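Reading through the C-alpha cells given below for one structure.
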Amino acid sequence: MLSTIQRLRENFALLEESQFRGQKRVVVPREKVFEVLKFLKESCGFDMLVDVTCVDYLTYPRRPPWGRFGLVYNLLSTETGERLIVRAYCDVDSASVPSVVPLWEAANWLEREVWDMFGIRFEGHPDLRRILLPEDFEDHPLRKDYPLQGKGERHNLPVITRAEG
Amino acid sequence: MPLYRADFAGNLAHDEPQEYLWTMNFGPQHPATHTTLRLVLKLEGERVVDAMPDIGYLHSGFEKLGEHLNYNQYVVVTDRMNYCSCVANNVAWHLAVEKLLGIEVPPRCQYLRVIVAELARIADHLVCNAAVGLDAGAFTFFMYAFNPREQIYEILEALCGARFTNSYTRVGGLMYDASPKAIELIREFVRKFPRALDDMERLLNRNRIFVDRTKGIGVLTKEEAINRGVTGPIARASGVTRDLRKDEPYLAYRDFDFDICCATGGDCYARYLVRMAEMRESLKIIHQAVENLPSGPVSVDVGLRVTLPEKPQVFGTIEGLIQHFEVIMWNRGFRTPLEEVYSAIEAPNGELGFYIVGDGSDRAYRARCRPPSFIHFALFPHLIRGHRLSDVVAVLGSLNIIAAELDR
C-alpha cells in the first residue's frame, strides 16, 4: 500500500514535500490545485476539507520562491484520521486559483473569506463576494501591506441622516 | 448592503422578481438570533423557501491583531471568540503555540487544562440547549440550565480570578495553580451536577411541545455533514463518529475513560440529545481528572525561556532576574522556528483549530483561527429550506452560532 505522498508523487509534479511536528505538507503548482485535490478526495479518501486559508509572505524572513500568497488547504480523512496540508502559491498579479467548491461545499464560505481578506480570486466559485467586510470596502486587510489601524475607513464612514434613510 | 444572488447552488436567484414570495429581514438585532447576525428569508406564506445569511457585523480583525500581539497577549483576544467557552479557546491557542515551539506541558498543567476545557464544554452545552429550549418556548429549562452554569463560573473565578473572559493559559503552563478551594468547588460540582442534569432531562427530553418543535427539523445527513466540513456535536448528531479527544488525543485525554456520544437522527432533537449526553461524559472526565490530579509544577521549566520565574527568585537571585529579562525584553523573548503548524482541539462547538506561522519572533506571523461556528453557519440555508418560519430559531439555536467566533 503506497502512502498518500507516494501516490501524489506518481501522478503529479510536486514542488516540495515537507513535514513538521508530524504534519505532512505538499506544495503543488497553482494551476494543478483542483486536479490534485480532486485526486486526493476521490482516490485517497480525504473526504473532509477542514480549512482553506492563506498566508501573505510579503515581509517573511524566508520567502518561499513560488509567490507571495501561500494558500493552505487543510484536508482530513474521516475514515483513517489522516491529515494532509496542500499548499499552492500565487502572486499579486496572478492572484487566482481554481475553486474547489465543486468538490467540497465547505469551501464556499472559506474561499469567500480568503477573497475578502487577501484578494485572491477563486475561478469558478459560484458566488465570490465579500463575506465579513462590507461590499464597498476596497482593500484586503489581512495583506501585510495593509496597516493595522486601517486606512481611515472607520473615520470616514458616510453619514446617513434620518431624512435620507 | 446590496443583496446579490444566493450564496449556494439554489434554484432561486434573489435578483429575479418572485411576486408570490415576500422577503423578511431577521436580525441583526433580534432576540432570537442571540448574537449579531442577519438572515434574509424568502417566505411563501409561513414556509421558508430560501435564506441568505449576512454576517460580518462583529468582525473586529482578530486575525490581524494576532499578527501584532505576542503569543501570551493574544490569549485575551481568543477569549472573545467563543465567549460561551472562553477557556477552551485559550487551551486551543496555547496548544498550537506549544506545538510550534515543540514544548510539552507538565502533567499537572495537562490535567488542569482538561478540567477547565471540559467545564467550558458543559457551560457551552448548557447555554446552547437552554437557548434551544427558550426559543421553543421552554423557559423553565433555561433557568435550570443557568443555575449549574453559575457554579462553573464560580469554579473558574476561584481558579483564575475572572468569571467570563478567563485568559487562564500561558505559553508553557497556566496563569495560576489550582487552589484547594477551587478543587473543593470542582468536587462539589461533580457531586451536584448529575442531579441538575437529571432534572433537565426529565423536563425536556419527553416534553411533547419541545419534541414536536425539534424532531425532524433541520435534518443533516452524514454525507452532507462530511462534505460541508461539519464537526463536533452537530456532526456526531448526524452519525459522524469522530471526536478529536479520541481520534487525535491531545493533552491528557488518553488517561481518561469516556464515551463519544453519537446519534443518527441529524435533526435539532438529535443535536440536543447529543449535547445532553456529552455533558455527562465531560463530567466523567472531570471526575477522573480531579481525583487523579498529579502534583508538581504547572508550568514548564524556566530554562526553556517561555515562562516567567517565580517572583521570589526574580527579586532574590541573579539567575532569576536574568531569566525574567530573557523572557520579557523585546529583543530577547522566546524564539519560534520559521515554520507553520496547524493544531486543533475538540472545542464544545467542534474542531477549533489554529494555523500559526512563526517568523522567529514572539509574535505570530499569521494567526489563523478555524472557527467551527463559521463552517456551521454556512449550513443554515441548507437546513432551513422547506421548514416554517418558527423553525428558524430552533435550527439557529441548535447550530449554536456564536457571532463573535463567526466574524472574529
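Laboratory data are not the source of any read-out in this text; all were calculated from the coordinates shown. Note that the structure is a prediction, hence the values are computed from the model and not measured. Note: ideal-geometry Cβ built from the backbone for every residue, glycine included; neighbour counts use all protein chains shown.
Rg/Rh for region B:289-408: what does it come to with C-alpha atoms and Rh from Kirkwood?
1.19
Across peptide B:331-342, how many C-beta atoms of other chains are within 10 Å of each residue C-beta, on average?
On the way: counts 0, 0, 0, 0, 0, 0, 2, 3, 5, 10, 5, 11.
Mean partner-chain Cβ count within 10 Å for B:331-342: 3.
By a straight-distance test (C-alpha under 18 Å), which lysines pair with B:Lys181 as possible cross-link partners, with residues fewer than eight away in the same chain excluded?
Straight-line reach from B:Lys181, under 18 Å: B:Lys192.
Kirkwood Rh over Cα pairs of region B:323-386 into Stokes-Einstein at 4 °C, 1.567 mPa s: D in µm²/s?
90
Can you list, largest first and rounded to whole Å, the semi-axes you get for the protein assembly as shown by taking the square root of 5 times each eigenvalue of its Cα gyration tensor?
They are 35, 32, 24 Å, listed largest first.
Run the reach check for B:Lys215 against aspartates and glutamates, Cα to Cα strictly under 17 Å, same-chain hits fewer than 8 apart removed. What comes back?
Within the straight-line limit of under 17 Å, B:Lys215 reaches these aspartates and glutamates: B:Asp135, B:Glu201, B:Asp267, B:Asp391.
Taking every residue in B:360-367, how many Cβ atoms of other protein chains lie within 10 Å of its Cβ, on average? Numbers along the way, then the final one.
Values: counts 3, 1, 0, 0, 0, 7, 10, 0.
Averaged over the peptide's residues, the number is 3.
What FRET efficiency would be calculated for the residue pair B:Met24, A:Glu123, taking the C-beta separation as r and a Förster radius of 30 Å, to the nearest 0.05?
Values: r = 34 Å, r/R0 = 1.14.
Once rounded, the FRET efficiency stands at 0.30.
Separation between the B:Leu389 and B:Asp247 pseudo-spin-labels, each 7 Å from Cα along Cα→Cβ, expressed in nm?
4.0
Given labels modelled 7 Å from the Cα in the Cβ direction, how far is it in nm from A:Ser94 to B:Arg208?
6.8
How large is the charge dipole for the protein assembly as shown, taken about the Cα centre, if only the Cβ atoms of Lys, Arg (+1) and Asp, Glu (-1) carry charge, to the nearest 20 debye?
Dipole size: approximately 700 debye.
Please compute the average number of Cβ atoms from other chains found within 10 Å of each residue's Cβ in peptide B:371-377.
Mean partner shielding for this stretch: 2.
Tell me the mean residue ellipticity at 222 nm calculated for chain A from its helices only (DSSP H runs of n ≥ 4, each -39500 (n - 2.57), averaged over every residue, nearest 500).
-5500 deg cm²/dmol
For region B:54-69, just list the computed ³J(HN,Hα) in residue order, Karplus coefficients 6.51, -1.76 and 1.60, θ = phi - 60°, integers in Hz, with x standing in for Gly and Pro.
10, 10, x, 5, 10, 5, 10, x, 4, 5, 5, 4, x, 7, 10, 10
Place a label point 7 angstrom from the Cα of B:Val76 along the Cα-to-Cβ direction, then list the residues of region B:286-328 whose backbone nitrogen is under 15 Å away.
The answer is none, because no backbone nitrogen lies closer than 15 Å to the label point.
Just rank A:Glu111, B:Glu224, B:Glu104, B:Glu291, fewest to most, by other beta-carbon atoms within 10 angstrom. Don't jump to the answer; show the numbers that get you there.
Values: A:Glu111 25, B:Glu224 16, B:Glu104 13, B:Glu291 10.
The order, fewest Cβ neighbours first, is B:Glu291, B:Glu104, B:Glu224, A:Glu111.
When the helix-only estimate is applied to chain B (DSSP H runs of n ≥ 4, each -39,500 (n - 2.57), divided by the residue count), what is the mean residue ellipticity at 222 nm, nearest 500 deg cm²/dmol? All intermediate terms of the calculation are to be shown ahead of the outcome.
Details: 17 runs with 192 residues, N = 408.
Mean residue ellipticity at 222 nm (helix-derived): -14500 deg cm²/dmol.
Taking the alpha-carbon centroid of each part, what is the distance from region B:206-258 to region B:367-404 in angstrom?
Measuring centre to centre over Cα atoms gives 14 Å.
Rounded to the nearest 20 debye, what is the charge dipole size of chain B about its Cα centre when +1 sits on each Lys and Arg Cβ and -1 on each Asp and Glu Cβ?
Roughly 420 debye, rounded to the nearest 20.
What's the exposure ranking of B:Cys109, B:Cys261, B:Cys268, going from fewest to most Cβ atoms within 10 Å? Let's see the in-between values first.
On the way: B:Cys109 25, B:Cys261 18, B:Cys268 28.
With the sparsest Cβ surroundings first, the list reads B:Cys261, B:Cys109, B:Cys268.
Sort B:216-222, B:368-374 by the packing proxy (mean of other Cβ within 10 Å over each peptide's residues), most packed first.
Result, highest mean first: B:368-374, B:216-222.
Three principal axis extents, largest first, for the C-alpha atoms of chain B, in Å?
So the three principal-axis extents are 80, 48, 34 Å.
Using alpha carbons only, how many degrees (0 to 90, rounded to 10) separate the axis of helix B:107-135 from the longest principal axis of chain B?
Here the helix axis deviates by roughly 20 degrees.
What relative contact order, as a whole-number percentage, does chain B give when Cα pairs under 8 Å and 6 or more residues apart are counted?
Worked out over chain B, it gives 25 percent.
Among all the lysines, which ones have a C-alpha under 27 Å from B:Lys64's C-alpha, if same-chain residues fewer than 8 places away are not counted?
A:Lys24, A:Lys144, A:Lys151, B:Lys99
List B:Val211, B:Val116, A:Val101 from most exposed to least, where exposure is judged by having the fewest other Cβ atoms within 10 Å.
Exposure proxy ranking, most exposed first: B:Val211, A:Val101, B:Val116.
If only Cα atoms are counted, what is the Rg of chain A, and what is its Dmax, in Å?
Computed over the Cα atoms of chain A, radius of gyration and Dmax are 18.3, 71 Å.
Take the Cβ-Cβ distance between B:Arg163 and A:Glu164 as r, set R0 to 56 Å, and report the resulting FRET efficiency rounded to the nearest 0.05.
The pair B:Arg163/A:Glu164 has a calculated efficiency of 0.80.
Could you give the nm distance between label points at B:Thr221 and A:Asp139, where each point is 7 Å from its Cα heading toward the beta carbon?
Taking the two extended label points, one gets 4.6 nm.
May I ask you to derive the FRET efficiency for B:Glu150 and A:Leu14 from their Cβ-Cβ distance with R0 = 41 Å, giving the value to the nearest 0.05?
Details: r = 54 Å, r/R0 = 1.33.
Between B:Glu150 and A:Leu14 the formula returns 0.15.
Taking Cα centroids, how far is region B:282-352 from region B:102-129 in Å?
Measuring centre to centre over Cα atoms gives 15 Å.
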